[in-house]
Amino acid sequence: MISEHLLGWYSSNKRILPWRETKDPYKIWISEIMLQQTQVATVIPYYQRWINSFPNIETLASADYNDVLKHWEGLGYYSRCKNIHLTAQSLGGKLPNTFHELIQLPGIGEYTAKTILAIAHNQQEVGIDTNLERIGFRLLGLKKKSKFNSNRVKKFLEKIQDKSKPGDFNQALMDLGSSFCQAKAVYCDPCPITAECKATLNDNPLEYPEIKKSKPIPTVNVAVCIISHNSKLLLIQRPQNKMLGGLWEFPGGKIKLGEPKENATTREVKEETGLIIKDPQYLGEVKHQYSHFKVSISLFYHRIDDISSIKIKENYIWTTIKGVDKFALPKANYKMLELFNKDISL
């Protein structure tokens with residue numbers, strides 16, 4: 001009964017999304033990875049540009065990683081991009097169509113594997129993310145977040161799944177979670193399955209499941225220096241195995257406790273590049289927030305004539321201001337460029 005009402009509602013109200021116009025496993029895989037922890041409206045233009053440039057696994061596998069990363073720039077969680085590229089290079093042109101094979105690929109977890117199989121291959125799998133789990137908790141009237149209750153939700157959703165349209169069932173629940181059954185807001189009257197929802201019957205659906213108190217987000221103080229030489233700026237590529245791996249940035253790093261920001265700047269520049277700078281020009285502060293921490297960036301500028309002592313372990317390049325656009329940078333570095341362009345003219 002739940003599945004019948006849900007699919008009836010979905011057939012008339014489903015969101016029109018570019019990845020729903022295909023059953024191509026590759027395109028569904030790309031969309032699902034992009035949608036992880038990212039809003040649909042944000043993903044749509046990224047997805048369309050990606051598919052235009054890399055329409056299949058072969059073109060993606062043969063693409064230069066810097067080009068791939070530039071297409072991902074701004075989506076965040078860059079390990080997703082790295083895993084997509086590595087996976088494409090390992091596949092030989094075709095995604096496997098079994099759960100056992102998919103789950104072994106970099107960046108593909110249980111949810112993504114099951115969602116691909118349900119939508120692209122019509123297999124009876126339920127990919128359960130936070131949205132689907134929340135709906136399951138409310139339907140069953142479960143408050144306590146635990147492995148036991150999560151498993152109850154998993155078995156329940158698998159039991160009620162429509163066997164003839166498993167992909168539509170998954171996507172209908174996704175749309176329900178984004179429209180009527182949100183984490184912080186519910187609209188129970190128009191919901192097609194509200195009569196079956198125990199949380200609604202108890203008059204307090206927002207209490208299902210219980211919300212864990214969020215921990216305070218720490219702030220990391222960082223000093224960064226934009227260095228120019230012959231009207232070009234120095235960019236260094238971050239190591240692939242670190243956060244924001246593969247992105248390009250200006251040299252800098254954490255300010256030690258009690259360390260003046262000017263001292264931190266000259267120290268970090270010397271440690272990262274071998275270059276010795278004195279009295280860098282202070283440009284101002286840049287604030288940025290990641291998922292689990294904030295950064296407060298003290299931004300400096302220094303023009304250097306002699307670069308004979310340069311010694312950088314990672315890839316680096318000197319590029320013009322316009323040339324910076326060719327490289328994928330963290331969002332915080334674009335904020336730095338805005339500040340830089342207000343005060344400095346090369």
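Please find, among 232, 212, the residue that is charged (D, E, K, R), open to solvent by 20 Å² or more (accessible area, probe 1.4 Å) and closer than 23 Å to residue 335 by Cβ.
Of the residues listed, the single one that is charged (D, E, K, R), open to solvent by 20 Å² or more (accessible area, probe 1.4 Å) and closer than 23 Å to residue 335 by Cβ is 232.
How about the stretch 2-30: which of its residues are hydroxyl-bearing (Ser, Thr, Tyr) and either in contact with a Ser or Thr (Cβ under 9 Å, 6 or more places away or on another chain) or not in a helix (DSSP H, G or I) (or both)?
22 - this is the single residue of the stretch 2-30 that is hydroxyl-bearing (Ser, Thr, Tyr) and either in contact with a Ser or Thr (Cβ under 9 Å, 6 or more places away or on another chain) or not in a helix (DSSP H, G or I) (or both).
Any chance the stretch 141-149 includes a residue that's of a type in the set (S, T, N, Q), within 22 Å of residue 212 (Cβ to Cβ), crowded, with 17+ Cβ neighbours inside 10 Å and at pLDDT 95 or above?
yes
Look through 146, 164, 228, 178 and report the one residue that is of a type in the set (Gly, Ala, Ser) and closer than 30 Å to residue 67 by Cα.
Being of a type in the set (Gly, Ala, Ser) and closer than 30 Å to residue 67 by Cα holds for just one of 146, 164, 228, 178, which is 228.
Can you name the residue in the stretch 275-307 that is within 16 Å of residue 342 (Cβ to Cβ) and in contact with a His (Cβ under 8 Å, 6 or more places away or on another chain) and, of all such residues, is most open to solvent (accessible area, probe 1.4 Å)?
Once the filter is applied, the top-ranked residue is 281.
Within the bounds of the stretch 82-96, is there any residue that is assigned to a helix (DSSP H, G or I), of a type in the set (Lys, Arg) and farther than 22 Å from residue 184 by Cα?
The answer is yes; a qualifying residue exists.
Kindly list the number of the only condition in (1) among the hydrophobic types (A, V, I, L, M, F, W, C); (2) assigned to a helix (DSSP H, G or I); (3) open to solvent by 10 Å² or more (accessible area, probe 1.4 Å); (4) closer than 25 Å to residue 203 by Cβ that fails for residue 120.
Of (1) among the hydrophobic types (A, V, I, L, M, F, W, C); (2) assigned to a helix (DSSP H, G or I); (3) open to solvent by 10 Å² or more (accessible area, probe 1.4 Å); (4) closer than 25 Å to residue 203 by Cβ, only one is false for residue 120: (4).
In the stretch 317-341, how many residues are open to solvent by 90 Å² or more (accessible area, probe 1.4 Å), in contact with a strand residue (DSSP E or B) (Cβ under 8 Å, 6 or more places away or on another chain) and either of a type in the set (Val, Ile, Thr) or free of Cβ contacts under 8 Å to residues at least 24 places away in the same chain (or both)?
The qualifying residues number 0.
Where in the stretch 263-346 are there strands (runs of 3 or more DSSP E), lying wholly inside it, with at least 3 residues that are under 26 Å from the mean Cα position of the chain (by Cα) and more than 15 Å from residue 228 (Cα to Cα)?
Strands (runs of 3 or more DSSP E) meeting the threshold: 281-289, 294-303.
Looking at the stretch 4-37 only, could you name the residues that are surrounded by fewer than 20 Cβ atoms within 10 Å (Cβ to Cβ), in contact with a Phe, Trp or Tyr (Cβ under 9 Å, 6 or more places away or on another chain) and farther than 30 Å from residue 69 by Cα?
Within the stretch 4-37, just 7 meets the criteria.
Scan 183, 195, 172 and give me the residue that is touching a Ser or Thr at 6+ places or on another chain (Cβ under 9 Å) and surrounded by fewer than 17 Cβ atoms within 10 Å (Cβ to Cβ).
183
Are any of the residues in the stretch 98-117 β-branched (Val, Ile, Thr), part of a helix (DSSP H, G or I) and within 22 Å of residue 242 (Cβ to Cβ)?
No: the stretch 98-117 contains no residue that is β-branched (Val, Ile, Thr), part of a helix (DSSP H, G or I) and within 22 Å of residue 242 (Cβ to Cβ).
Being without any contact (Cβ under 8 Å) to a residue 24 or more places away in the chain and under 25 Å from the mean Cα position of the chain (by Cα) is the filter; apply it to the stretch 180-210 and report the residue that is nearest to residue 39 (Cα to Cα).
For the stretch 180-210, the residue satisfying everything is 182.
Can you name the condition, by its number, that residue 109 falls short on among (1) farther than 13 Å from residue 36 by Cβ; (2) out of contact with any helix residue (DSSP H, G or I) (no Cβ under 8 Å at 6 or more places or on another chain)?
Result: residue 109 fails condition (1) only.
Which one of 314, 268 is surrounded by fewer than 19 Cβ atoms within 10 Å (Cβ to Cβ), within 26 Å of residue 77 (Cβ to Cβ) and touching a strand residue (DSSP E or B) at 6+ places or on another chain (Cβ under 7 Å)?
Answer to the selection: 314.
State whether one or more residues within the stretch 95-102 are within 20 Å of the chain's Cα centre (by Cα), of a type outside the set (Gly, Ala, Ser) and open to solvent by 20 Å² or more (accessible area, probe 1.4 Å).
Scanning the stretch 95-102 turns up no residue that is within 20 Å of the chain's Cα centre (by Cα), of a type outside the set (Gly, Ala, Ser) and open to solvent by 20 Å² or more (accessible area, probe 1.4 Å).
Could you please tell me which pairs satisfy a Cβ distance under 7 Å, a separation of 6+ or placement on different chains, a first residue in the stretch 129-151 that is under 13 Å from residue 2 (Cβ atoms) and in contact (Cβ under 8 Å) with a residue 60 or more places away in the chain, and a second residue that is aromatic (Phe, Trp, Tyr) and open to solvent by less than 30 Å² (accessible area, probe 1.4 Å)?
If the second residue must be aromatic (Phe, Trp, Tyr) and open to solvent by less than 30 Å² (accessible area, probe 1.4 Å), the pairs left are 138/208.
The values are calculated or read from the model by the stated rules, or taken from the named source; none is laboratory data. Worth saying up front: this structure is predicted, and the values here are computed from it rather than measured. Quick reminder, even Gly has a Cβ in these numbers, built from the backbone with ideal geometry, and neighbours come from all protein chains shown. These accessible areas exclude ligands, DNA and RNA; they are computed on the full protein's heavy atoms, side chains included. Shrake-Rupley method; radii C 1.70, N 1.55, O 1.52, S 1.80 Å.
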